[in-house]
Each structure stands twice: as structure tokens, then as C-alpha cells.
Amino acid sequence: MKVRRAVPARYGLFLLAAFWMLVVLPLSAAAAPYAALVMDARTGKVLHSRNADTRLHPASLTKMMTLYVAFEAVERGEISLDTKVKISRHAASEPPSKLGLKSGQRIAFRYLIRAAAVKSANDAATAIGEALEGSEAAFARRMNRTAKALGMSRTTFRNAHGLTEKGHLSTARDMSILGRHVLYDYPEYYNLFSRRSTNAGVREVANTNRRLLAAYRGADGIKTGYTRAAGFNLVASAERGSERVIATVFGGTSTSARNARVAELLDMGFKRSPTRATLKKPSRPVYTGGGAGKTVRVSGLTKISKRPRLRPVDATTIPENALAAVETPAASQASTSGVLSADITSALIEAQKTPIEATPAPTQVPNNSLAAVTPRPVMRPASLLGVVQPAPIEENEVVTRMSTSGGHQWGVNVGRYPSRYKAERALVTTALAEMATLDGTLRKVVKKPTGFDANFLGMTRDSADLACRRLAARNISCLMVGPS
């Protein structure tokens, strides 16, 4: 009697796996619908399209939107590149492709961006979404708001990584629009997509698009994608001379077949696009009804710059010679003008009420004088303080001929510059720094054999002297300019 031998179960599993890889997988990829679009990136003009508006599975092309929102969040101050993000159990459990993050691990936000852009890591993409919006579902809603603002009218996102999910669909046209925005809205980050490899914090990762980057001249990005439902997808951009073309393919049958088709489309784009075209960058998204995300507010700003309150003055601390100086005819004369009174306390109060104006620079007085206890530097007549006004420093004056303006024949020079542009820029920045004395003056650049002089004209001698003193206190070089 013959006994039938049982075939080991592992033989059956081996045959099933071989059938799946050799038959089912290629057929499923071949069955994925094909779509393509070619665009002149400079103008946004479509050069070729096929099924470009058919809603299909985008796969990891989704991560272009994840990264766009991440760039936007960094720009808006919601998060910094150095922020340490704690990895959730949900993010760590995402299937490959992944960086291999562990639940509870902390990693800098910049490394999550690198891993999502270069490695196309699903765990990194989920961690980005959770870091910005608290949950992947909330982040998907933000992705959809951003897509709508960008004009991606036939796209809906359900997750941050692009794995197949019901309702998670896009089109070749919408992904081309998104790729163009990534290129022009955040050029400072675009180099990420051309890196053959990068440091992702926990390890070095290779670019999923490195074959096309190496094989096609001028290629510098952008993003690959693959799932069984989507097939092999790619949004590619290449630049040659002044021309730049974006080509998008959905439903490729393999990596090599997809890359070959994208190369053909890019060649077509360079042939059809004009050599010269005016660059028309896409408009940044405008959000309505809730905006893109968090609003970063700055608090603590004051609307009005208030004058400091008068500090109490103890008469016993005032030197006798200072009080004696107040009790002079000069003090009486000052009181008649409404500036000071004979009584020291009322004089201080009066000084606080006096409007702030551009006044001549205060004279230097000894430490034991009245100026030592004045809470606010206010100019007093020299005769009141018994101090002789020092003569102007003649060596700081540059005499040149200038026209008069209402008797104001003086000015100040703030430097000589190699170009008119630099001289004009110096005048503007100096005027903003010292508005009190330079407001209302005439800004003029005078060409000299050795450069361009930056001058403020139409001032009195006193106001020019004061301006130079104040500018010198700000470490800005200044020379007085007088009439000939």
C-alpha cells in the first residue's frame, strides 16, 4: 500500500510568492492608468498632456505637498528646522519605505524633511504632519486647504505619505502645478530634491530618483512615487540653459520604463518650449476661511511711546553751587519764556511738560552741577549754569559752496562712496537713524573726482553741529559743510 507524502507548507508559500512577484505584481502595475503632462516651468504653459485631469492615486508624490506645508510652516515661524520632534507610535509603525524611527525618539525637524524628500520615508512624512497639526487627519485637512489655494482643483489628500487610501487622489496636472510651486515658492529648499544622498540624522539615505538624476542632463528633481494601485509615478524637472521643463507621469510599469518615458517627455518639452521666455512665477497661495495653519502673533508691542514719569528730586542732594546758579537774572529771563522757573522743582516739572524738539547739544558741565541730577537731559542757557560754551571744533568742518535755503546755508556730509547708489542708500539709512535733526533737510549726492559725497543740506550751523554730534554718538562719521 502506497503512502502519499504531504508537500511541506513552505513549498506552497514559495510558489505563491513567486507567482505574486512574477505575474500579479507586473500585471497590477501594468493595469495602473497612464497619465502625463509636460509644462514649461517658466510660464506654466502646457506643452503636452494625456489623461492629465484623470483622478488617480498619486502615491509618494503626495510628499511634495507634505514638504510644501513644512517649508511654509518654517517660514511662518510655526516651527524651526532645529525643533526636536517626538516620534509617535503611529508614525513609527508606518510601512516602508521608512527611515526606521522609533516610538518616543526625538529628532530634529530638518532631518524629517530630508528623509521625506530624499528617501521618501513614510514614517518621516507622518511625523511632519503630527508635529505641525497634532494628528495626521488634521494635517490632511491643511494639505487640502493648501491644495485648493494653489489651484489643485481635482486633488484630495487623506494622509501625509501617499499610501493608498480611499479618496486619496490627484491628477498629473495638479501634481505638475504643485511641483512648479515647490520650485519657485521655496527655491532655498529645492536643492534637497537633487541630492543623490543626504544625512537624515539617524543614517545616510539615498535618493529614490538617483537613476534619472544621473542619466538625464539637467535633471534636478523632483519626486518619485510607487504603490501597486498607482504604478510608478514621477514628477521631474530639468533645466538647460534658460529653459526649464516639468514632466509628470502616472502609471509607469517599472522604474526603468517610467524613467525612459519621462526622459522622452522632457526632450519633447525642450523642443517645444521657446529658448527665451519671460519668467512668470506662480502666485503664492491666498488662504480664506481658516488659513493655512497656526497664526504666530507677536505680543508686547506698545502703540504709544510714553514719556518717562518725573522722578522725585531731593533738594538736599543738589549742590549749593547749582542752586546758586538758579538764583540769577538768567534764570528769571528763562522763566519769562516759559521754559524754566526760579524754583528747581517747578523747573524740572516744566521741563517734563516741554515738547521734545531738536535742540542744540547740551554743553558739558562738571559733575557737581545741576546737570548731574536732572532726570532728562534738557538744554539750559550757558549763563544759567555758569559754564562757557566751547567753541566749535573747526577741524571737523569741510567748507564747500552751497545754495542757501531760507538762510539755512549749512549741512553735513556722511561719507564718500564709490557709486551714486551707495551714497543714496547711505543718506536714507542715516536719515532713518537720526530723524530728530535730519528731518526736513535736503538729501543730495554730489559727484566728486574720487567718488560721490552724501550730503544733508539746508541746515543752520547749530542744527548741523547738533546733527554731527548725535551721529558721532551712533558711530556714524559726519563732517559739517559750511557756506563759502
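In the stretch 89-100, the residues that are part of a helix (DSSP H, G or I) form Cβ pairs under 6 Å with partners that are β-branched (Val, Ile, Thr) and open to solvent by less than 50 Å² (accessible area, probe 1.4 Å), at six or more places apart or across chains, as follows: ALA91/THR126.
Taking first residues from the stretch 121-142 that are in contact (Cβ under 8 Å) with a residue 12 or more places away in the chain and of a type outside the set (Asp, Glu) and partners that are part of a helix (DSSP H, G or I) and open to solvent by 10 Å² or more (accessible area, probe 1.4 Å), the Cβ contacts under 6 Å between residues at least 6 apart in sequence or on separate chains come to THR126/GLU136; GLY129/GLU136; PHE139/GLU133; ARG142/GLU133. Taken over the stretch 475-484, the criterion of being touching a Leu at 6+ places or on another chain (Cβ under 9 Å) and either without any contact (Cβ under 8 Å) to a residue 60 or more places away in the chain or assigned to a helix (DSSP H, G or I) (or both) is satisfied by no residue.
Scan the stretch 120-165 residue by residue and report those that are crowded, with 23+ Cβ neighbours inside 10 Å and closer than 15 Å to SER97 by Cα. The answer is SER120, ALA121, ASN122, ASP123, ALA124, ALA125, THR126, ALA127, ALA160, HIS161, GLY162.
Report, by residue number, each residue of the stretch 35-72 that is of a type in the set (A, V, I, L, M) and within 15 Å of PHE250 (Cβ to Cβ). Correct list: ALA35, ALA36, LEU37, VAL38, MET39, ALA52, LEU56, ALA59, LEU61, MET64.
For the stretch 158-197, a tally of residues being in contact with a strand residue (DSSP E or B) (Cβ under 6 Å, 6 or more places away or on another chain) and over 27 Å from ASP40 (Cα atoms) returns 3. When the strands (runs of 3 or more DSSP E) confined to the stretch 166-284 are screened for residues that are open to solvent by less than 40 Å² (accessible area, probe 1.4 Å), those reaching at least 3 such residues are found at 219-227, 231-240, 243-252.
Cβ separations smaller than 9 Å between residues 6+ apart or across chains give the following pairs from the stretch 211-228 residues that are within 24 Å of HIS161 (Cα to Cα) and of a type in the set (Val, Ile, Thr) to residues that are open to solvent by less than 30 Å² (accessible area, probe 1.4 Å) and modelled with pLDDT under 95: THR227/ALA32. When the stretch 144-159 is filtered for residues that are closer than 20 Å to GLU130 by Cβ and basic (Lys, Arg), the ones remaining, listed by number, are ARG145, ARG158. Summed over the stretch 39-97, residues that are in contact with a Gly (Cβ under 6 Å, 6 or more places away or on another chain) and either hydrophobic (A, V, I, L, M, F, W, C) or open to solvent by 60 Å² or more (accessible area, probe 1.4 Å) (or both) total 3. Farther than 26 Å from PRO96 by Cβ and among the small types (Gly, Ala, Ser), is that true of GLY252? So GLY252 fails the test.
Quick one: in the stretch 98-119, of everything that is within 12 Å of SER60 (Cβ to Cβ) and open to solvent by 10 Å² or more (accessible area, probe 1.4 Å), which residue is farthest from the chain's Cα centre (by Cα)? Checked the stretch 98-119; the qualifying residue farthest from the chain's Cα centre (by Cα) is LYS98. For the stretch 420-474, filtering for residues that are under 18 Å from HIS408 (Cα atoms), of a type in the set (Asp, Glu) and outside any helix (DSSP H, G or I) leaves 1.
The values are calculated or read from the model by the stated rules, or taken from the named source; none is laboratory data. Since the structure is predicted, the reported quantities are computational estimates derived from the model, not experimental observations. Reconstructed Cβ throughout: ideal geometry from the backbone, glycine too, with neighbour counts over all protein chains shown. Areas reflect the complete protein model, heavy atoms only, side chains present, ligands, DNA and RNA absent. Shrake-Rupley method; radii C 1.70, N 1.55, O 1.52, S 1.80 Å.
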